[in-house]
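Trainee: This is the structure, below, for whatever I ask next.
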Amino acid sequence: MNNFLLNQSQALSKFRMISFYFAAVLVLFSLFGLFSHGLNLGLDFTGGYLTEFSTQESLSQKKMTALLTSYLPDTFGLSSAENGTHWSVQQVDNDTSLKGKAWLAEFSQQSGLTITPQDAIYIGSQVGEELINQGGLALLTAVIVILFYLSFRFEWRLAAGSVIALFHDVIIVLGLFAWFGISFDLTILASLLAIIGYSLNDSIIVGDKIREIMKRNHEKNIENIINLAIKATIVRTLITSGTTLATILAIYFFAGESLTGFAIALFCGILVGTFSSIAISATVPQLLGLTADYYNKKEQEVCQLP
């Protein structure tokens, strides 16, 4: 029995180390995508026109894209809903007359489609710049508050593991959007804030368990302490993540095109957040030299003070 538990602990330790290096590779791959491709910023940030219309006929995304490409002189984004009968065209803010609803009548004649204009919205580039600044400030504020919280809550190596896991999760999600060219808008920015909170929650659960076992001082090996903490929290983490992912899948399939990016970001963020709570937040303290008797030494230092 002891040999089985030992082998199980060694297997978990090996898995954590392999996962840690795999996470590092994912971060580098995501950063490469961000610097080489960049984010496909939506109209919320770039400014431009959003034109919505419906067609009597149901068309595929590919066919509608081909029709619009032969008519519109500039690059555009296209999304559909209601089984290919409701369409949204996003056009960047530049010098062209084919903006708003004005071009729909002529396009209807040329394409032979029965088109009903729905709405046309213009978003100025100055508004986009303000949104970028305010969104970045919101993310920075959240991270700073989290750093202060962790510095008081945990030993610095446990806090470092949680912070590194947090950055890992956000960078992976941003890299996904960069590599696949998914439109990055305000809903995605909101999902990043949610991912930060969710990632921190997973990391704190594991870190708190590690600290609890260290204070008991029943185990003398930090590697075994970390493995025990993961085993004690993994079921709760998986249940929480599983139920949340089920909700996000419901949003993806039933909430419509406008929340697709939001659902993708949250789904990816929760997956990598669950992964990083084991691969990073539980592994980094060990790599930074956290010892099993840290809290005992701390209590002895306090007792020796005059």
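Trainee: Just order 40-47, 277-284 by mean Cβ neighbour count inside 10 Å, highest at the front, would you?
Mentor: Result, highest mean first: 277-284, 40-47.
Trainee: Hey, another quick one. Arrange the peptides 159-165, 25-31 so that the one whose residues have, on average, the most other Cβ atoms within 10 Å appears first.
Mentor: Result, highest mean Cβ count within 10 Å first: 159-165, 25-31.
Trainee: Going by how many other beta carbons lie within 10 Å of each one, how would you line up Glu257, Glu155, fewest first?
Mentor: If I rank by nearby Cβ atoms, fewest first, I get Glu257, Glu155.
Trainee: Something else now. Could you list the trypsin sites (Lys or Arg not before Pro) in segment 220-273 that lie in coil according to DSSP, counting only those with at most 11 other Cβ atoms within 10 Å of their Cβ?
Mentor: Answer in residue order: Lys220.
Trainee: Can I ask one more? For the chain, list the DSSP H helices whose alpha carbon atoms reach 27 Å or more along the long axis and whose average Kyte-Doolittle value is -0.5 or above?
Mentor: Sorted by number, the helices that extend far enough and score high enough are 2-36, 125-153, 156-180, 186-216, 222-254, 260-279.
Trainee: How do Tyr198, Tyr122 rank when sorted from fewest to most other Cβ atoms within 10 Å of their own Cβ?
Mentor: Sorted ascending by nearby Cβ count, the order is Tyr122, Tyr198.
Trainee: Rounded to whole Hz and in sequence order, give me ³J(HN,Hα) for segment 40-53 from the Karplus expression 6.51 cos²θ - 1.76 cosθ + 1.60, θ = phi - 60°, writing x for Gly and Pro.
Mentor: 7, 5, x, 5, 4, 10, 8, x, x, 10, 10, 10, 10, 8
Trainee: Just add up the charged neighbours of Phe262: K/R +1, D/E -1, any other residue whose Cβ is under 15 Å from the Cβ of Phe262.
Mentor: Every neighbour counted, the sum reads -3.
Trainee: Sorting Asp202, Asp293 on the 10 Å Cβ count, fewest up front, what's the list?
Mentor: Ascending Cβ contact count within 10 Å gives the list Asp293, Asp202.
Trainee: Which one is right for this structure if Cα extents along the principal axes in Å is calculated from it: (i) 97, 76, 34; (ii) 86, 46, 30; (iii) 77, 40, 31?
Mentor: It is the one labelled (ii).
Trainee: Once you keep just the Cα pairs under 8 angstrom separated by 6 or more residues, what percentage relative contact order results for the chain?
Mentor: Relative contact order of the chain: 25 percent.
Trainee: 222 nm [θ] for the chain, helices only, -39500 (n - 2.57) per DSSP H run of 4+, per residue, to 500?
Mentor: After summing the helix terms and dividing by residue count, I get -23500 deg cm²/dmol.
Read-outs throughout are calculated quantities, based only on the coordinates presented, and are distinct from any laboratory measurement. Not measured: the values here are computed from a predicted model. Here Cβ is always computed from backbone atoms with ideal geometry, including for glycine, and neighbour counts include all displayed protein chains.
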